[in-house]
1. Restricting attention to the stretch 96-132, which residues are touching a residue at least 40 places away in the same chain (Cβ under 8 Å), over 15 Å from residue 173 (Cβ atoms) and in a loop (DSSP other than H, G, I, E, B)?
2. On the basis of being among the hydrophobic types (A, V, I, L, M, F, W, C) and in a strand (DSSP E or B), does residue 37 make the cut?
3. Inside the stretch 168-196, can you point out the residues that are assigned to a helix (DSSP H, G or I), in contact with a Lys or Arg (Cβ under 8 Å, 6 or more places away or on another chain) and of a type in the set (A, V, I, L, M, F, W, C)?
4. Within the stretch 53-73, work out how many residues are part of a strand (DSSP E or B) and within 20 Å of residue 362 (Cβ to Cβ).
5. Looking at (1) in contact with a Phe, Trp or Tyr (Cβ under 8 Å, 6 or more places away or on another chain); (2) surrounded by 19 or more Cβ atoms within 10 Å (Cβ to Cβ); (3) assigned to a loop (DSSP other than H, G, I, E, B); (4) not basic (Lys, Arg), which is the one condition that is false for residue 280?
6. Out of (1) in a strand (DSSP E or B); (2) in contact (Cβ under 8 Å) with a residue 40 or more places away in the chain, the odd one out for residue 341 is which?
7. For the structure I just gave you, tell me whether residue 370 is in a helix (DSSP H, G or I), under 26 Å from residue 102 (Cα atoms) and modelled with pLDDT of 95 or more.
8. Sort through 175, 196 and tell me the only one that's out of contact with any His (no Cβ under 6 Å at 6 or more places or on another chain), surrounded by fewer than 20 Cβ atoms within 10 Å (Cβ to Cβ) and farther than 21 Å from residue 261 by Cα.
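The values are calculated or read from the model by the stated rules, or taken from the named source; none is laboratory data. Every value quoted in this text rests on a predicted model; they were computed, and no experiment measured them. FYI the Cβ positions are ideal-geometry reconstructions off the backbone, even for glycines, and counts take in every protein chain you see.
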Amino acid sequence: MKKASGLILLVLLFGSMKNEHRGKGANGSGKVVIGYVGGFRGLVNTDAIAPEKLTHINYAFVDVQGNRAFLTNEKTDTVNFRKLLLLKRKNPSLKILISIGGWAWSKNFSDAVLTDTSRAAFASSAVDIIRKYSLDGVDIDWEYPGRPGEVGNVYRPEDQHNFTLMFEALRKELDILEKETAQKKLLTTAVGGFSDFLLHTEMDKAAKYLDYVNLMTYDYYSGKIAGHHTNLYPSKLYPPHNSADNAIKAYVEAGVPISKLVMGIAFYGRNSKVEPGSATGLGATYIKGEFGSGYTKIKDSLVNKKGFVAYKDPDARASYLYNPDTQTLITYDDEWSVREKCKYVKDNGMGGVMFWEYASDPKEYLLNEVIRSFK
């Protein structure tokens, strides 16, 4: 009986680990809702986070220095970890992951994963962070393997295969931690929401080690033409370019299971200065651009205010504002486009949605729409 009881306990334990990994999703939908929370600015106001509306929080960012995952702001990072873990009192199934890299801190990825020795050291250092602070997993946001990201970033052809080997090394270290803690430890990645990313990676091989692949289906650019930055489908108002639908189809064709793909939602707008003469700004000649305001400010202060007129692009399933006096175009996600994205996720069997980032929509207009859509 003692051996049998031990076997039963073991079965129950690993069964609970499996259930803990997938969970029920938002409102029991089975879909993940992953929110990126920016700790790079300093202390995070966790009182402004609604943990019951999320399945995962990805803490951004952990740096890469000396071929190791490195807490640049350790004093505030450790406080943030403690406060984020307290959110589990309201949502015990909430998972807290560290996100390593990002646009500004991807410079050293290529060096860190170049050799077997450096990869092992990097993987060990990353998992040591979540071991030390009792976190739930590692998210990799390498922008980008094998191609330019921010000016000065190191990249090389070997990144294509080393990208896969990095995940293999991380999964090995996470498996060790799983045995130590009897808790599932997650491995995810944020990837470019454009097909060119696939030319420099082995996503079919990498996906075998990953729980979720978070598609950054935002920050799209259309070269010399001002276009949407987070559209679901191609627009018919300017030559077809990037879209979430195009990216998802490309990743599936490349061998990534659609159940692991997570749709990206922008909680902020992007501003474009265009040449005069356009009626709505979309498709006009692009002069320059910049990050815009978060959605709370857009909704409360700019929609049909201050010279801006609101438009919807029914083909792209994307909203935008245009001020003809200043020739300023603002493209963004709103409740309508989020509803369309969530419907796409459900209709196509995707894993769920993620968004950048929580602080950009403090009134939770878009997060509430996600929850409603997944009910």
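1. Within the stretch 96-132, 102, 103, 104, 105, 106, 107, 108, 114 meet the criteria.
2. On the way: among the hydrophobic types (A, V, I, L, M, F, W, C): yes; in a strand (DSSP E or B): yes.
So residue 37 fits the description; yes.
3. Across the stretch 168-196, the qualifying residues are 169, 174, 177.
4. To start, the set of residues in the stretch 53-73 that are part of a strand (DSSP E or B) comprises 56-65, 68-70.
Now drop any that are not within 20 Å of residue 362 (Cβ to Cβ), which leaves 56-60.
Count: 5.
5. Evaluating residue 280 over (1) in contact with a Phe, Trp or Tyr (Cβ under 8 Å, 6 or more places away or on another chain); (2) surrounded by 19 or more Cβ atoms within 10 Å (Cβ to Cβ); (3) assigned to a loop (DSSP other than H, G, I, E, B); (4) not basic (Lys, Arg) leaves (2) as the failure.
6. Answer for residue 341: the failing condition is (1).
7. Details: in a helix (DSSP H, G or I): yes; under 26 Å from residue 102 (Cα atoms): yes; modelled with pLDDT of 95 or more: yes.
So residue 370 fits the description; yes.
8. Working: 196 fails: farther than 21 Å from residue 261 by Cα.
Checking each option against the conditions leaves just 175.
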